[in-house]
Structures are given as structure tokens and as C-alpha cells.
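The values are calculated or read from the model by the stated rules, or taken from the named source; none is laboratory data. This one's a predicted model, so the numbers in the text were calculated from it and none came from an experiment. Ideal geometry is used to build each Cβ from the backbone, glycine not excepted, and the neighbour counts take in all protein chains shown. These accessible areas exclude ligands, DNA and RNA; they are computed on the full protein's heavy atoms, side chains included. Shrake-Rupley method; radii C 1.70, N 1.55, O 1.52, S 1.80 Å.
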Amino acid sequence: MNDTALAIGLCLASAVAYAAAAVAQERLARAAVARSARALLGSGAWWWSAGLNAAAALLHAAALRYGPLTLVQPFGALTLVAAVPLGARRAGRRVAATEWRGTLATVAGLGLLLLPASGPAPDDTLTLAEALAVSGATAAVILLLTAVKDPRSGLRHATASGLASAAASALTQTVAVAAGRGGALLSVRVGAVALLVMVFAVGGLFLSQRAYRGGLGAPLAVVNLANPLAAAAIGMVLLGERLQGGLTGVLLAGAGAVVAARGVVLLTRTPPAETGPPALAAPGPGSASVAESTVPVGRAA
């Protein structure tokens, strides 16, 4: 099995795990029982969703060892494909026609982004200065997106979560590639970058939890759109990754971004289904949500 095929297989497994985690988080957020980080962390159901996220992140990190950011990140769209029908099933309803159209448009757009994104296994890594610059810039944008206290700020928090996940993925790739080089894994640079990965990965988890309070489809679509776009920018600017196909590749990527954005708009027009007390008795996701004040800065997705 070549590196690209292995990266794709790991991406598929990661997407399924992320989808299950997203549905669990959305159910917790919509129940709105816990209003503090302490209550949230005391919920066994939340830890179940966090465990799914952790498993997905490990699979994603492994994929980044064998594929470039521009290839791996767009596969996060498959999370949306699995999560929307799974979420509807858990809510005891059918998937609305608008949800299907929005999901298909988002995935088709990200598919166009994926077409010119093939490339060899990654070899370049971020320097410590570059890692700190990426982290600082990402943190600043996240703070701007989440500074306003607005109960309808789900899409802003979803964008922030996507950016956090993109930064975590770029930093994870540095650690993963260094791990393949043996002794480099013990360097100060890799240790510092690994710490930053943890900050953004955990932060992205809490940000997505906050975003899902308004529903699943649109926030998840925004996360899966912001993530690959930001990661591709990091990969091309700092890691020497390039879209294939020259001008044609750029046009495909641009068209993909437009189509995916249209899908997000369609998903925002689908009113979220109400969740009620019966879901609290389920052995899986239970009832909790995170208060706005508990959202820290920052899939590795």
C-alpha cells in the first residue's frame, strides 16, 4: 500500500470517529443542562464524546504522517456525510431535503478542493519560530471570533474551532514527520510544538461544543470548511505544498470553495430538531453544554 492510499484509509476511519463524536457533542449542547466547565467535565457522556474525538485525532495524526495537509484536511467533509444522517436518526426524525442538499453541496465543494491536492508524503516541518507564528496568529483570530457574547454565535465558534483544528493539524504534522526521523522526536522544538498541539486540539473541542448549541449541520459544515482552507494556506505558505494542475487546479479549488459555502448556507436554513429529556437516559450521549466563559483558545480534522 502506497503512502497516499494509507493516508486516505486513515482519513476515512478518522472521519467516522469524528462524526460519532460530533453527534454526541451536539446532543449534549442542545440539552443545555450543564452551564459550566465543571459540570461538563463531570458528565460521563461528555467524556465519551471526548474519547471519540481523541481516537479520531490519533487516526488523523497518523494520516498526516503519510499525506500532505492539502490532501488530508479536505477528507474531513466525510464527517459531515456521516454526522447529518446519524444525528437525525438519534433525534428520531428524517433528514430534511435542505439538509441533504446542503450536505451534498458542501461535500462536492470540498471534493473539488481535493482534486488538485495530491502530493508526495510530507517531508518539510515547521521551525519553532514558524510554529509560534502560526499559533499566535490563530489564537488572535480565535479571540476576535469569540470575543462577542452572543447566544447566536454558533457559526463564529465553529469557524474558530476549524481554525484551531487546522493549526493543530499543521503542528501535528511537524511532530509526526519528526517522529519518523528518530532522535528529532526528543528535541526542544518538537516538545514545544507537541504542547501547542494539545492546546489547540483541546480548545477546538470546546469551541465545537459551544458551536453545536445551535444545531449540528451548519456548524459542522463550517468547521469542515474552515479547517482545510486554513490548513492548505499553512501548508502552501510554510511547508512548500502546492496545488497540482497549475491554473486549472487553482480554479477548481476556487470553485470548490464557492460550492461548499453554498452548502453551508443551505444547512443554516434547516431549523434544528428539538431534543428532549428522553435522550438523557440513553447510554451514550447525555446532557451537558459548555458555558461561553469556559471556551479556551483553540479536528486536530
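How do Leu71, Leu112, Leu247, Leu132 rank by accessible surface area computed with a 1.4 Å probe, from largest to smallest?
On the way: Leu71 15, Leu112 50, Leu247 130, Leu132 100 Å².
If we order Leu71, Leu112, Leu247, Leu132 from most to least accessible, we get Leu247, Leu132, Leu112, Leu71.
What's the ranking of 215-228, 4-17 by average number of surrounding C-beta atoms within 10 Å, highest first? Don't skip to the end; give the middle numbers.
Values: 215-228: 29.0, 4-17: 19.0.
The peptides rank, most packed first, as 215-228, 4-17.
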For this session: Leaving ligands, DNA and RNA out of it, rank Arg210, Arg101, Arg189 by accessible area with a 1.4 Å probe, largest first.
Result: Arg101, Arg189, Arg210
For this session: Compute, for Trp47, the solvent-accessible surface of its heavy atoms (probe 1.4 Å) with the complete set of protein chains present, and express it in square angstrom to the nearest 10.
Result: 140
Seminar exercise, completed: Heavy-atom accessible area of Asp124, protein chains in place, probe 1.4 angstrom, given in Å² to nearest 10, is 80
